[in-house]
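Laboratory data are not the source of any read-out in this text; all were calculated from the coordinates shown. Given the structure is predicted, the values throughout are model-derived calculations rather than measurements. Methodologically, a virtual Cβ is constructed for each residue, glycine included, from the backbone with ideal geometry; neighbour enumeration extends over all protein chains shown.
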Amino acid sequence: MLKQYLQFKLSQKLSPQQIQLMKLIQLPTQAFEQRIKQELEENPALDTGKDSKDEDKFDEFDNSGDEYDDNETINTEDINIDEYLSDDDIPEYRTQANNYSADDEEKNVPYAAGTSFTQHLRNQLNTFRLSDEQREIAEFLVGSVDESGYIRRSLSDIMDDLAFTQNVFTTEETIEKVLLKVHQLDPAGVGARNLQECLSIQLHRKDKHPDVELAIAIIDKAFDQFTKKHYKKLLQKFDITEVQLRDAIEEIERLNPKPGGSYAGNNKIVEHVVPDFAIKIVDGELELTLNGRNAPELHVSREYSNMMKGYKESKDKSKSQKDAVLFIKQKLDAAKWFIEAIKQRQQTLFVTMSAIMHYQKEYFLTGDERKLKPMILKDIADEIDMDVSTVSRVANSKYVDTPYGTKLIKEFFSESMTNDQGEEVSTREIKKILETVIEEEDKKKPLTDEKLATILKEKGYPIARRTVAKYREQLDIPVARLRKKI
């Protein structure tokens, strides 16, 4: 019984090729292109179709040569050389052009290069008259500014680091004086240690008039009450009218809470999303295309095929020739497998997205999120007879270009709940209605979670207050008190 059990367990083990295929399926378009580039560099038997008209078609792949062991002895006489010598043809996956969009030339999206944020700040230090010690401290402080524009370390930590790493022995008071110089750099608010200081620095740079002066007083003397929107306490504390308070708050709302993000030359590279699919409406019907960059022109190297041919025609086969042909066979098998894996990847992507598109047809035709049907991974997996994990790999990392913008595919999945009519509705639909209700509420008297639950119940969605709170948090909507406006 033990032996049978072990054999059963071994039969469930995925082959290295299957694992690699799963990894290929998971890759979005840009990462997939990098993976192809890596494979081309590592396997000389694999070639692109750009510089050669000789392209080989390997529709039937002999799996007997897939799994090999470096220590295994292969009899070269058993290798069927003819398997590696096929007629020239275009790979099949390139002939199905109707499935691919015409964006093959869209290879790279340039981004602006320029001075780094840190260097931009260092350059400004040259406009100040500083002692050698002050300059070293200032440059260290500038180097401690994060991408948002903040210095999130205590002065004592900075003092210790200056001593250990720069051999600069100083005091917290000296560092604080230099920090005030850093606070004069652009963009305004840079070098702040917290949000309160960041907003205060920006307000003090503004031309002084009553609204700005009141805003400064609120930030410097009543920041906690401001963040908690205790407007009545602010009215009493500063003895002002609601109009004056509203004007001061408008001044604060114009400020930048992340001054580092406003620097155009910031070297942080923002990932450019390349849609893996595109959905268009043509004559009232949905049309799905797979990004053409997912269909590279790859073929087995003619040079390597010729090496095989030369070995076959050779009458006197030396040991070195036999060793070479084993190496060539290994590389050719890997190249053939990779081409086949790309074909399987494309089919899997297209079939999965097609099923999702048809399942959510009403949404893709209208763009109305309330038309999104409840859909879980298993629904699509059952539809296309694939494993749930395969659908998950497609959904979690792929984007689709729709008439309503570029969307992450996993956003179309949602669980269901039953409305008062006994019908199953998507939780996305409920969230959309919740969002709309909050948008339309009286901001002077925002709706509590309990009131929101009552409104949703009246609309036919009987959900509990704690569920409303959960959905509201998932939508990044604050509690009623923090939504209040004066």
For segment 352-359, in residue order, the Karplus 3J(HN,Hα) values (coefficients 6.51, -1.76, 1.60; θ = phi - 60°; whole Hz; Gly and Pro = x) are 5, 5, 4, 5, 5, 4, 6, 5
Scoring only Lys, Arg, Asp and Glu (+1, +1, -1, -1) among other residues with Cβ under 9 Å from the Cβ of TYR359 yields 0
Here segment 157-173 yields Karplus 3J(HN,Hα) values (6.51, -1.76, 1.60; θ = phi - 60°; whole Hz; Gly and Pro given as x) of 5, 5, 4, 5, 5, 4, 5, 6, 9, 10, 6, 10, 9, 9, 10, 5, 5
Violations at 23 Å Cα threshold for listed pairs LYS232/LYS459; LYS37/LYS343; LYS23/LYS373; LYS431/LYS457; LYS181/LYS258 -> LYS232/LYS459; LYS23/LYS373
Phi angles of segment 392-407, converted by Karplus (6.51 cos²θ - 1.76 cosθ + 1.60, θ = phi - 60°) into ³J(HN,Hα) in whole Hz with x for Gly and Pro, give 4, 5, 6, 6, 6, 10, 10, 10, 10, 8, 10, x, 10, x, 8, 10
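Using the Cβ atoms and a cut-off under 11 Å, what net charge is assigned to the surroundings of GLU42, where Lys and Arg are +1 and Asp and Glu are -1?
Once all neighbours under 11 Å are counted, the net charge is +1.
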In whole angstrom, the spacing between the Cα centers of segment 186-236 and segment 463-482 equals 28
Listed by chain and number, the residues whose amide H is under 5 Å from that of MET386, excluding neighbours fewer than 5 places away on the same chain and using placed H, are none
Using alpha carbon centers only, segment 340-376 is separated from segment 146-166 by a whole-angstrom value of 49
Amide H proximity to ALA192 below 5 Å, modelled H, separation 5+ or other chain, gives ILE151
Counting sequence-distant residues (5 or more places) and residues on other chains, those with an amide H built under 5 Å from that of LEU298 are GLY49
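Over all distinct Cα pairs, what is the inverse of the mean 1/r for segment 163-300, reported as the Kirkwood hydrodynamic radius in Å? Each step should come with its number before you reach the end.
Working: mean 1/r = 0.0503 Å⁻¹.
Here the Kirkwood hydrodynamic radius works out to 19.9 Å.
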Other residues with Cβ under 13 Å from the Cβ of ILE25 give, with Lys and Arg +1 and Asp and Glu -1, a net charge of +4
